[in-house]
Amino acid sequence: MINKIENQFKFIRIAISISIALLLAFLIISFVSKDPLFAMYNLIIGPFENIRRVGNIVELMIPLLFTGVGVSIMYSAGQINMASEGAFFLGGVAAAYVSVTFLLPYGIHPVVAMIAGGLIGGLIGLIPAILFVKFKALPVVSSLMLNYISYFLGMYVIHYIIFDPETGYLSSFLYKETAILPKLFSVTRIHWGLVIGLIVVVLGYLFLKKSKWGYAIRMIGMNPNFAQYSGINVGFYILLCQLIGGAIAGIGGAVEQLGMYSRFQYQKLSGHGFDGVLVAILANYNPKFVPLAAFFIAYVRVGADVMARNSDVPIEIVSIIQAVIIVFVASERFLAGWKHRKIVKASQERFASEEA
Amino acid sequence: MASVSHLFHLEIGVRIMSENIKVEEYILSMENITKIYSNGFIANKSVNFKVRKGEIHALIGENGAGKSTLMKVLFGQEQPDSGEIFYKGKKTNITNPLVALHMGIGMVHQHFMLVPSLTVAENMVLGVEPGKYGMFSYKEAVKLTNDISKKYNLPIDAEAKIMDLPVGFKQRVEILKILLRGVDVLILDEPTAVLTPQETDELFKQLKVLKEKGYTIIFISHKLHEIKKLCDNLTVLRNGRVTGTAKVSDLTEQEISKMMVGRDVFLTIKKDVAQPKETVLSVKNLSWVDKHGKRVVNNLSFSVRAGEILGIAGVEGNGQRELTNLIARLEENQIGEILLYGKSIAKQSIREIREQKISHISEDRMTFGTVYEATIEENIISDRFYKKEFNKNYLMDAKKIKNHVNELIKEYNVRTDSKDLPIRTLSGGNMQKVVVAREFSSDPKLVIANQPTRGIDVGASEFIRKKLVTLRDQGAAVLLVSADLNEVIEVSDSIVVMCDGSIVAYLKDAKRVTEEQLGEYMLGIKKQSDEELREVVHD
Amino acid sequence: MDVIFKSIFSTVFFYTILRVATPLIFVSMAALIVRKGGIMCIAFEGMMLFAALGGVIGSALTQNLFVGLLLGTIFGVTIAMIFAYFVLVLQSNNVLTGLALNILGSGGTVFLLFALTGEKGTSSSLRSLQVPHWNIPIIKDIPILGEIISGHNLFTYLAFLTVILVYILVYKTRLGLRIRSVGENPQAAESVGIKVIRTKVISLLIGGLIASFGGMYMSMGYLPFFTRDMMSGRGFIGIAAQNLGGGIPLNTMLSAMLFGSAEAVSNVFQSLRLPSEFVQMLPYIVTIVGLISIGGVKKESKSKIKRIKEIKESTHE
């Protein structure tokens, strides 16, 4: 009974957080928009109005599968590491480099590009963990600084190594055709990255929830003293999971480049890593729920995009929705009273039935 | 049963005496205080506690006897469920520590209430800072500190930072701090627990000076020689009740000890005589120093053999926790040697030690023993999840683990609906059964059990004790640390007594030991000779 | 090389250091006050962005500088108070809450800007006011020194004044003492009657106020308008400066200036048409190195080491 309430509670808290966020969004929309009902219609129904938009949702969701799983693994060890953003960006740059300069056959080329992305992403994820384990440097701050370094490093590669002067803006040469990930369906731009992303979700789930390594990581996240007492090598697993989480984000960056773009043209950090944090929080750090959470975030994004194009409400409404969801989901006390009352009531009923 | 009748007489004597002194003025009187915690634990049962002006009154009792609760009630940190408090003849309602301070009651906590990076003067005046217009006059604070330090002859460097001071001086700051607030009654909660003998002597001198100046002091302790040295009267608590109030000079240490350690319920465990075999664990000249530089573990030597239970008796906080943590490798920087099957563990990891079939029940169930948020299953498998038998093709073998865990839940009688519930949904006793199920089911050759039954119900306690005996019969070496004397005597084959980090007694046959005897050793009244102590090392 | 030397050892360069260090000094002081209160807050980016926009909107709508400053402060402090409510009252995870408020700052300001002007990139269409520059009498005529320290935006002087004020607040006032005690040992503070939560909220309020000035400097001094995401990590560099400065106002200010000079150097190199990316990394690399150097030293208490030595010696004899 108590278990049921506990599980219910987690979902209800997330559901109520999302509702509050959407309500607040409606409130803001009705303030700023001349035709709020039309704007809201676009936000909610718009994404499903035609197949192309549904395709957009899935396209947007693909990179979030990677960063969502990556962050779930990183945060499961209790490490708040923001390096998924830098890892995603540099993963993309590495893939761009491989795609531009290497001559490889179909099939092999994207794999090599993804491996390159994964390696650099893993390295970026690992650095804040090393700084934490060795020097007690705060992972939040060091990883955010590292994101800027990653950004400039990536831009250097684009600017000086694979820069295409013909385009008139800062971008790389065209990716070789051999490196591009093929599309899955003709109408949309949904690409093979979806399949790879879903494989990562499954593998991430098995790793984190079903393997001995994942078990050790989760125990460290919940109680490092207990893990140590039980004989688990705490430092090693912290490094391992930050490496793996970063690598997954890096692969995601590579997949995004090879699936959605023909040349590297990001001018700033893409934000997919930060969105991954949100996805992971909504999925309760369980890769199993990452597709659902990623779909939801992508849906809100596309909805806001449709709304921005058809009405007078800018797409940035999304960040307000995201922020509100995070603060409520991250709040221990929010609805705790409700949960407590529910448990007390359940126990009382139990006592009553036992006595009868 | 001799001790019970003796106590009876003693209590009559006490009653007569207390009537004689009724005419004298009590500065403080707590009457019929009952305190029940929300989990149903009754910490104080109709306690009467009276203190006269200008005396040093000892409040003594074992761990869990209710001393701290009573003082929390007095200091306003807990509210009594019934009973009344009279202060200077007036009935009062102490709702929080500030009220207590305003009335004139101050407390020096065991964990100092000081801000480490601030100076002595700043700590002294915190909350009542001198200065105008929101400014803080540091000069004034230093002057106040120096004045009060001179007035009570308790010298202190007002401008030193707290973190640079030795423990004894920190305590002095605490005392000065409450004196500055103009209190008449000082409560000292086990003030000597953290002090070296020299610092203790110094503290006693200071307290005697304060007494001469007319202050009233309530002194909480379980070190009897200290009480004999310092206190005028004493009140003894046992299991939440007062077992006596008396003049310290009227009683011998033995008599006080008996008032403290008697038991209402006696348990007996049926077991055969131990058949000790080879030595599993031997500890040689082991010492350990805490972060304040105090020598918490003091030159210990003993050994535990397969097929025997060696009990370690002692008041909590006399180095037992540090000892077991050192053996389990949770604590570093040992001085001396710990040998497992003759091999030093100093360079081994916890996993390596556990793989040699060492089990450890930590006394800190919440920090080390369990993961509060994880499921029962996850809590049980933490020491074996990686083993081949529980893994199949890179993944953990869920079916095998499920069967294993369900078997253990059944065998160890854990009352729960499902192995997948978070362990926090269990009662304390059932939670401990989960810990025990993990630690006892790995076919251990050495079991380190630190307070395995503390704070849990009678049924679960009995179950765990019987299991310990079973393990012994199967050939395991058991090291049982407990502050529960009845438990130590009944479960152990031989007993070692620890006091102040040292071994003070080795009692070869636990069957012939009485609680009174143990009490005298653990409270530091008696100590065996070095020759007698050497026998605990079997080589 | 010669060009570089000339660029670095010029008065313009040192003038630039003060100019770019100004927002960092503000944030680091905000971070310092909040940290003294025992709160780990990373929401300064969000506070600064909102303050920057608030200042622009207020001054543009009323054409009154003080209304602008007031509105900017209100915006920034509001974010700080939202943080306080969630973290101190609802006990949300502080890092995630900070992250959320930074996301809100990034998107919310652009949203607001668009709602008011129909533009998303900058507020240049709004006729917002700027805080004036100040040529300090007498000093401005001193060669070299005058060129470096005179003629700055008033915010720059306010930043240095803030360092002094923060020093006084922390070390010389009743409130400062209480903030420090609450941050370090809340139980101790509570035991002498200090209201812990209230004191922490006050420290966040002051921190939000100071961070707001840092934000408003960016849109009303450093640049004459608001641009999206214009803080580019300055809120975090401020936190790192506070870390490196070990919670001491003067050292924190110097750390902020160190990070500022890394930025100034990168500005110089950029104008030299060198690979600007590496140079632009400099402030962030310096920040990480700063973080490492604080945590690297593991302190064992002296008395403990001494005691262990004594015991070892005595048992060997």
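Springs between alpha-carbon atoms under 10 Å, Gaussian network over chain C: tell me which of C:THR22, C:THR173, C:THR97 tops the mean-square fluctuations.
The residue that fluctuates most here is C:THR173.
What average number of partner chain Cβ atoms lie no more than 10 Å from the Cβ of the residues making up C:88-96?
6
What residue among A:TYR106, A:TYR229, A:TYR285 shows peak mean-square fluctuation when chain A is described by a Gaussian network model with Cα springs under 10 Å?
Of A:TYR106, A:TYR229, A:TYR285, the Gaussian network model singles out A:TYR229 as fluctuating most.
List the residues, sorted by chain then number, that are 5 or more residues from B:PHE136 or on another chain and whose placed amide H is less than 5 Å from its amide H.
C:THR173, C:ARG174
Highest first, please rank the peptides C:101-114, C:130-143 by the mean number of other Cβ atoms sitting within 10 Å of their residues.
C:101-114, C:130-143
Compute the distance from the alpha-carbon center of the stretch A:153-202 to that of the stretch B:33-101, in whole Å.
72
Report, as an integer, the average count of C-beta atoms from other chains found within 10 Å of each Cβ along C:173-179.
6
Just want to confirm a number: the relative contact order over the stretch B:95-217, from Cα pairs under 8 angstrom separated by 6+ residues, in percent.
So the answer I get is 36 percent.
Using helices alone, I'd like the mean residue ellipticity at 222 nm for chain A: each DSSP H run of four-plus residues gives -39500 (n - 2.57), total over residue count, nearest 500.
So the calculated ellipticity at 222 nm is -24000 deg cm²/dmol.
What's the total accessible area buried between chains A and C, using a 1.4 Å probe, rounded to the nearest 100 Å²?
Summing both sides, the interface buries roughly 4000 Å².
Under a cut-off of 16 Å between alpha-carbon atoms, report the aspartates and glutamates in cross-link reach of B:LYS177, not counting same-chain residues fewer than 8 places apart.
Within reach: B:GLU122, B:GLU129, B:GLU140, B:ASP147, B:ASP157, B:GLU159, B:ASP189, C:GLU190.
Just tell me how shielded B:382-394 is by partners: mean number of partner chain Cβ atoms within 10 Å of each residue's Cβ, no decimals.
3
Averaged per residue, what accessible surface does the stretch A:55-311 expose to a 1.4 Å probe, in Å²?
34
Set the bar at 27 Å for Cα to Cα. Now go through B:LYS270/B:LYS527; B:LYS161/C:LYS36; A:LYS212/B:LYS291 and name every pair that lies beyond it.
Listed pairs above 27 Å: B:LYS270/B:LYS527; A:LYS212/B:LYS291.
In Å², what does the accessible area per residue of the stretch B:193-278 work out to with a 1.4 Å probe?
47
In chain B, what percent of the accessible surface is made up of carbon and sulfur (1.4 Å probe, ligands and nucleic acids excluded)?
That share works out to 50 percent.
Rank by packing, highest mean first: peptides B:291-299, A:238-246, A:62-70, with packing defined as the count of other Cβ atoms within 10 Å averaged across residues.
By packing density, highest mean first, the sequence is A:62-70, A:238-246, B:291-299.
As a test of the definition: with a 1.4 Å probe, what buried accessible area, both sides summed, do you compute for A against B, in Å² to the nearest 100?
2400
Taking chain A as the reference, fit the longest principal axis to its C-alpha atoms, fit the long axis of helix A:84-101 to the helix C-alpha atoms, and give the angle between the two in degrees, 0 to 90, nearest 10.
Between helix and principal axis, roughly 20 degrees.
Based on DSSP H assignment, which helices of chain C show an axial Cα extent of at least 24 Å together with a mean Kyte-Doolittle hydropathy greater than or equal to 1.0?
Length and hydropathy pass: C:11-36, C:44-62, C:65-84, C:94-117, C:154-172, C:196-217, C:276-295.
What is the percent carbon and sulfur in the accessible area of the stretch A:1-123, measuring with a 1.4 Å probe over the protein chains and ignoring ligands?
Answer for the stretch A:1-123: carbon and sulfur cover 75 percent of the accessible area.
Students often get this wrong, so check it: of B:LYS170/B:LYS294; B:LYS139/C:LYS200; A:LYS288/B:LYS387; A:LYS4/A:LYS209; B:LYS72/B:LYS208, which have C-alpha atoms separated by over 18 Å?
Going by Cα-Cα distance, B:LYS139/C:LYS200; A:LYS288/B:LYS387; A:LYS4/A:LYS209; B:LYS72/B:LYS208 fall outside the 18 Å limit.
Could you work out what % of the accessible surface of the stretch C:2-316 is carbon and sulfur, using a 1.4 angstrom probe and leaving DNA, RNA and ligands out of the count?
66
According to the Kirkwood expression over distinct Cα-Cα pairs, how big is the hydrodynamic radius of the stretch C:132-181, in Å?
Its Kirkwood hydrodynamic radius stands at 12.5 Å.
For the pairing of chain B with chain C, what total accessible surface becomes buried, with a 1.4 angstrom probe, in square angstrom to the nearest 100?
2500
The values are calculated or read from the model by the stated rules, or taken from the named source; none is laboratory data. These numbers were taken from a predicted model, which means no experiment stands behind them. Methodologically, a virtual Cβ is constructed for each residue, glycine included, from the backbone with ideal geometry; neighbour enumeration extends over all protein chains shown. In case anyone asks, the SASA skips ligands and DNA or RNA and just uses the protein heavy atoms, side chains included. Shrake-Rupley method; radii C 1.70, N 1.55, O 1.52, S 1.80 Å.
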